[in-house]
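To start, the structure itself, in structure tokens.
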Amino acid sequence: MYDEQQRPDHGPLAGFTVGVTAARRAEELGALLQRRGAVVLHAPALRIVPLSDDSELLASTKEVIHQVPDVVVATTAIGFRGWIEAADGWGLGEDLLEKLRGVELLARGPKVKGAVRAAGLTEEWSPSSESMAEVLDRLLAEGVDGRRIAVQLHGEPLPGFVEALRAAGAEVVGVPVYRWMPPEDIGPVDRLLDATVSRGLDALTFTSAPAAASLLSRAEERGLLPELLAALNHDVLPACVGPVTALPLQAQGIDTVQPERFRLGPLVQLLCQELPGRARALPIAGHRVEIRGHAVLVDGDLKPVPPAGMSLLRALSRRPGWVVSRSELLRALPGAGRDEHAVETAMARLRTALGAPKLIQTVVKRGYRLALDPAADTKYADV
């Protein structure tokens, strides 16, 4: 019996196309996906502008130095390092570090803890879960009424965190280290949107809430928001690095998948489980056929298939073993017009791509059918 684990000639994401909306660390995420066989379509949904020359960060830094807070919350490693580097550039680095040595310094997770210690500081506490909710629970348990708390932000808001502290009586100072801006070239984002609504993607990844919000906003500007939501709700898997990232999508009623650990590696591993699990696998003419986004696995061998062929194969697989008429298959072909000869041409190319012509049977004067194995007829009869 065929065992796919004995065929290491393709990765778990082979045959799938994954969209990447990240601006920061996009190359790293893309490389992780490609190493596992995916085709990657990248379009940064926003750009990150460092605030080293920004008056807002400078004002917040001076405020922390001149009105020293009781607590400082460091939320991201790169953001904390960026803050210290910007302060150094203004000649305020030593003053800032001196003040931070005297406050209750909380670091969200191991990476942030490492950045804090690299700056010569020591955190008072860090949650093992890397969760801002746990940081909030600790602060509220300590009591924050009348206390001054500085929160290092990294481009995206912390929904509920600042509001909960203020509701409990704290004075909260935001320290914005980066600012999100729309991409300078909107073309790649539009191509990513078009690929999503046309189901040219199998999954769309998000690593920040602003990127998700930016993509939704651009879709609305183009009048594509209903189509985008329909695609993400049914055919294109939305994968987020964590729950904060997912909030703009959830607000639109979109369910997302998220890894247990909010990191790029676990996000890719999650896709390696989810996408093959969603692929249709059928026993056809003595072969195991798995239909993926832009390719087919025939007994574990990867067979790239042209877009027209994939359209035909999906139409046939919706009713495996049943005859599908040429007119219905013609409607499934993108931009095929009214000539049923286009079906015959695309079918010939599909059979060549699959390398097993008997998978698809021609039923004279009626159409085509997948040669579903007899033992599977009952199982798939009502599909």
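The values are calculated or read from the model by the stated rules, or taken from the named source; none is laboratory data. Given the structure is predicted, the values throughout are model-derived calculations rather than measurements. All Cβ positions, even for glycine, are placed from backbone atoms using ideal geometry, and neighbour counts span all protein chains on display. Quick note on the areas: whole protein, heavy atoms, side chains included, nothing else; ligands and nucleic acids left out. Shrake-Rupley method; radii C 1.70, N 1.55, O 1.52, S 1.80 Å.
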>> To check my understanding: the extent here is largest minus smallest coordinate of the Cα atoms along each principal axis. What are those three numbers for segment 271-322, in Å, largest first?
In response: 31, 24, 19
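How high is the relative contact order of the chain? Use alpha-carbon pairs under 8 Å, at least six apart in sequence, and give a whole percent.
RCO, the chain: 15 percent.
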>> Could you tell me the ratio Rg/Rh of segment 156-299? Both radii from Cα atoms, Rh via Kirkwood.
In response: 1.07
> Once Rh is set to the Kirkwood radius over Cα pairs, what Stokes-Einstein translational diffusion coefficient, in µm²/s, holds for segment 129-178 at a temperature of 10 °C and a viscosity of 1.306 mPa s?
Replying inline: 142
>> I want to check the label-to-label distance for residue 222 and residue 314. Put each point 7 Å from Cα in the C-beta direction and report it in nm to one decimal.
In response: 1.7
> So for the chain, Kirkwood radius off the Cα pairs, Stokes-Einstein at 20 °C and 1.002 mPa s: how many µm² s⁻¹?
Replying inline: 90
> Which of the lysines could be linked to residue 62 by a straight reach, that is with a Cα gap under 30 Å, when you skip same-chain ones fewer than 8 residues away?
Replying inline: 99, 111, 113
>> Can you give the log10 of the normalised intensity I(q)/I(0) at q = 0.10 Å⁻¹, computed with Debye over equal Cα scatterers of segment 62-201?
In response: -0.40
>> How much accessible area per residue does the chain have, counting only protein heavy atoms and a probe of 1.4 Å, in square angstrom?
In response: 47
>> From the protein chains alone at 1.4 Å, what is the descending order of accessible area for 181, 310, largest first?
In response: 181, 310
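In the chain, what percent of the accessible surface is made up of carbon and sulfur (1.4 Å probe, ligands and nucleic acids excluded)?
Answer for the chain: carbon and sulfur cover 50 percent of the accessible area.
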>> Test of understanding: in a Gaussian network model of the chain with alpha carbons linked when under 10 Å, which of 170, 141, 115 would top the mean-square fluctuation ranking?
In response: 141
> So what does residue 62 come to for accessible area, using a 1.4 Å probe and Å² rounded to 10?
Replying inline: 90
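When only the heavy atoms of the protein chains count and the probe is 1.4 Å, how do 25, 117, 148 rank by accessible area, highest first?
On the way: 25 90, 117 135, 148 25 Å².
Largest to smallest exposure gives the sequence 117, 25, 148.
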